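Before any comments, here is the structure.
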Amino acid sequence: MRAGIDLGGTKIEGIVLDTAGTEIARRRIAAPRGDYMATISAIHGLIADLEADSSAISHVGVGIPGTISPATGLVKNANSTWLIGHPFDKDLQTVLGRPVRLANDANCFALSEAADGAAAGAASVFGVILGTGTGGGLVLDGRPLTGINAIAGEWGHNPLPWPDDDDTPGAPCYCGLTGCIETFLSGPGLARDHRTVTGEDLSPPDIAVRAANGDTDAEATMARYESRLARALASVINVVDPEVIVLGGGLSNLDRLYHNVPGQLDRWVFSDTVATRLVQNRHGDASGVRGAAWLWPPGSD
């Protein structure tokens, strides 16, 4: 048996999968905030509870909102800031007494959907998170690509490509730059754009509902969003040329994206045809934790 752990800002979810990818057990607990050692202790207790629900767990995969720096072996770029600067994977392995693999949560999402989700069977998959932030992960031949700097797939911190007048100068990003893709395509980015243009403070689902009901301002906001998403995805296709792009996060539930975005890709992709499929995730909120378990594929040692 292998376990997956999805470490979020407010919750920690754990799952046990058998060799066929069948879920054997799952639990969720509150995440300790601001306390590194309490986080390790919580995961230790969660693994013990999962073993009690299933059987002996040989390997553990962990997804975090950050990554391990290849230069230092310490966590960097984590929204859960109390992890930063610690050898989290090594500390967990010591406490758990079994092998641990750690990956960025967006990589875990992409791996889950590539393994047995919406992109199963595809040799190259780009997984996109459209939520509070905008993340991405790349899976090639069933394995996540980390990159020499451990930032492969971080498309959200590239500038929005082919900007028009509505896109400039762009909003400041927490990374210190301005006009990053994340500032446009995250949920807060969509809400901010609508508020800037109309003065209305609406959530993304409310904007989409109003657009569906014929509100012209909301429809214009959604059209701007879809144009930006098409351009941002086209830039990924031009570089990586994935077979499948899978959308996750709260905004992935907007059905209109799958109808309106693919038809705009032709204008921006440097090809006579665009065969890349744009699909919604299959596993929903469970993709991150399932992908963490898939960090140890069947036969791993």
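Is at least one residue of region 125-142 farther than 29 Å from residue 239 by Cβ and of a type outside the set (Phe, Trp, Tyr)? Within region 125-142, none of the residues are farther than 29 Å from residue 239 by Cβ and of a type outside the set (Phe, Trp, Tyr).
Here residue 63 passes the criteria (1) touching an Asp or Glu at 6+ places or on another chain (Cβ under 8 Å); (2) in a helix (DSSP H, G or I) except the one numbered (2). In region 100-146, of all residues being buried (at least 18 other Cβ atoms within 10 Å of the Cβ) and of a type in the set (Val, Ile, Thr), the one that is farthest from residue 65 (Cα to Cα) corresponds to 125. Is at least one residue of region 154-174 more than 26 Å from residue 223 (Cβ to Cβ), in the same structural domain as residue 238 (by TED's automatic domain parsing) and within 23 Å of the chain's Cα centre (by Cα)? Yes, because at least one residue in region 154-174 is more than 26 Å from residue 223 (Cβ to Cβ), in the same structural domain as residue 238 (by TED's automatic domain parsing) and within 23 Å of the chain's Cα centre (by Cα).
All conditions but one from (1) touching a helix residue (DSSP H, G or I) at 6+ places or on another chain (Cβ under 8 Å); (2) of a type outside the set (A, V, I, L, M, F, W, C); (3) not in a strand (DSSP E or B) apply to residue 121; the one that does not is (1).
So in region 212-270, with the set limited to residues that are assigned to a strand (DSSP E or B) and of a type outside the set (Gly, Ala, Ser), which one is farthest from residue 139 (Cα to Cα)?
By that ranking, first place goes to 247.
Just wondering, is there one or more residues in region 197-212 that are at pLDDT 95 or above, in the same structural domain as residue 128 (by TED's automatic domain parsing) and either closer than 17 Å to residue 168 by Cβ or in contact with a Pro (Cβ under 8 Å, 6 or more places away or on another chain) (or both)? Checked region 197-212: at least one residue is at pLDDT 95 or above, in the same structural domain as residue 128 (by TED's automatic domain parsing) and either closer than 17 Å to residue 168 by Cβ or in contact with a Pro (Cβ under 8 Å, 6 or more places away or on another chain) (or both). A search for C-beta distances below 9 Å between a residue of region 121-133 that is assigned by TED's automatic domain parsing to the domain that holds residue 146 and among the basic types (Lys, Arg) and any residue that is surrounded by fewer than 24 Cβ atoms within 10 Å (Cβ to Cβ) and modelled with pLDDT of 95 or more, counting only pairs 6+ apart in sequence or on different chains, returns nothing.
Can you confirm whether region 277-287 contains a residue that is in contact with a Pro (Cβ under 7 Å, 6 or more places away or on another chain) and surrounded by fewer than 23 Cβ atoms within 10 Å (Cβ to Cβ)? Yes, region 277-287 has at least one match.
What do you reckon, is residue 192 within 17 Å of residue 256 (Cα to Cα), basic (Lys, Arg) and surrounded by 14 or more Cβ atoms within 10 Å (Cβ to Cβ)? When the stated conditions are applied, residue 192 does not pass them.
Here residue 29 meets each of (1) assigned to a helix (DSSP H, G or I); (2) of a type in the set (Val, Ile, Thr); (3) surrounded by fewer than 17 Cβ atoms within 10 Å (Cβ to Cβ) with one exception, condition (1). Does any residue of region 254-272 turn out to be under 30 Å from residue 65 (Cα atoms) and small (Gly, Ala, Ser)? No, every residue in region 254-272 fails to be under 30 Å from residue 65 (Cα atoms) and small (Gly, Ala, Ser). Looking across region 55-90, the residues that are in contact with a helix residue (DSSP H, G or I) (Cβ under 7 Å, 6 or more places away or on another chain) and over 20 Å from residue 154 (Cα atoms) come down to 57, 60, 61, 82, 86. Please work out which residue is surrounded by the fewest Cβ atoms within 10 Å (Cβ to Cβ), limiting yourself to region 150-163 and to residues that are assigned to a loop (DSSP other than H, G, I, E, B) and in contact with a strand residue (DSSP E or B) (Cβ under 9 Å, 6 or more places away or on another chain). Out of the qualifying residues, it is 151.
Keeping to region 62-75, report how many residues are touching a residue at least 24 places away in the same chain (Cβ under 8 Å) and over 14 Å from residue 6 (Cβ atoms).
Count: 4.
The values are calculated or read from the model by the stated rules, or taken from the named source; none is laboratory data. Only a predicted model underlies this, so the values are computations on that prediction, with no experimental measurement involved. Glycine also receives a Cβ, built like all others from the backbone with ideal geometry; neighbour counts cover every protein chain displayed.
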